[in-house]
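What follows is one structure encoded as structure tokens, with my remarks underneath.
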Amino acid sequence: MTRRGWALFLAMGVIWGVPYAMIRIAVEDLDPIVVAFGRTLIGGLLLLPIALYRDVLAPVLRRWRPLLLYTLVEITGPWFLIGYAETTLNSSTVGLLIAAVPLIAVVIVTVLGHDRFDARGVIGLLVGFAGVAALVGLDVDLGNPAAVAAIGLTTIGYAVGPIVISRALADLPPLGVVTGSLLLAAAIYAPFAGWLWPARITADAAWSVLGLAVICTAVAFLFFFALIAEIGPARATVITYINPAVAILLGVTALDEPLTAGMAIGFPLVILGSVLGTARGRDKRAAADRPAPPTPEAALPLPER
């Protein structure tokens, strides 16, 4: 992976390691749909002036069907489902279950023939998942089947979302896709959020939603699209191994939570799994670096424009 790819990968690992705590705080006072609505509306409105200035929304809206599919599987469904799950499950359980995203993505892209992982990549994915399991230790609560099912659906959506981008939206301006999908998600949430709107919003909940919207949504999605373009849709999902590690690290350093043996074992496994899972074989890298051989069509004169 290139330096740019690693920079985007690490940035996304940090940025999307923060929402677990923010969502937990927000759903203590707000319904999960209200949290998701605020996050998408604010994030979309922040990006809208830039998108309009650069005139990147029109081509995205013309391809509204894949945009709607992406919005449903990557934003509308998962953000509500995670919020719902975090009202009953602890963050460690949620992080561990979502860490299955790369494994699901590998199966999907392999079946579709969109990408191929060698043995090293698959081993890396399994090692990373084992690292997340060690990080959360035995603090896993599977007592609420509905919440567990909600996270299961989320993992499928998170695995499918990058594939939709790569196959149907990759040639469109990322800013336009992000802005359009966020505003579309907000429109879907709006009727339900209006019905569930609270009489009073606490400062902690408000700040959490604002942080989710600005940092974990508007900024994060621009980075995420760049990461997908750099390393591919399945490898981009490996950031779900880093996210729980970041969340636990923040707890240890900022909240004085204990450092367990599982954390000491899990962190190296997460890093090793991420390196192996995102690596491409030497032959593939060498082939990518070699110029493509000329085709018969390349020898023909181009038509005048």
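Here is how the numbers come out for the structure above:
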item: In Å², nearest 10: area of residue 197 left accessible to a 1.4 Å probe; result: 130 Å²
item: Residue 265 accessible area, 1.4 Å probe, all protein chains in place, Å² to nearest 10; result: 100 Å²
item: P(r) histogram, all alpha-carbon pairs of the range 185-237 included - 10 Å bins from 0, percent; result: 20, 33, 30, 15, 2
item: Within-15-Å neighbourhood charge of residue 60 [Cβ basis; K, R +1; D, E -1]; result: +1
item: Residue-normalised accessible area of the range 1-93, given per residue in Å² at a 1.4 Å probe; result: 46 Å²
item: Estimated translational D of the range 138-215 in µm²/s (Stokes, Kirkwood radius over Cα pairs; 20 °C; 1.002 mPa s); result: 134 µm²/s
item: Value of Rg/Rh across the range 1-100 [Cα atoms, Kirkwood radius]; result: 1.02
item: Heavy atoms of residue 223: accessible area, 1.4 Å probe, square angstrom to 10; result: 80 Å²
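The values are calculated or read from the model by the stated rules, or taken from the named source; none is laboratory data. The shown structure was predicted, so the numbers you read here are calculated from the model rather than taken from an experiment. Every residue, glycine as well, gets a Cβ built from its backbone with ideal geometry; the counts of neighbours run over all protein chains shown. Just the protein is used for accessible areas: all its heavy atoms, side chains included, with ligands, DNA and RNA removed. Shrake-Rupley method; radii C 1.70, N 1.55, O 1.52, S 1.80 Å.
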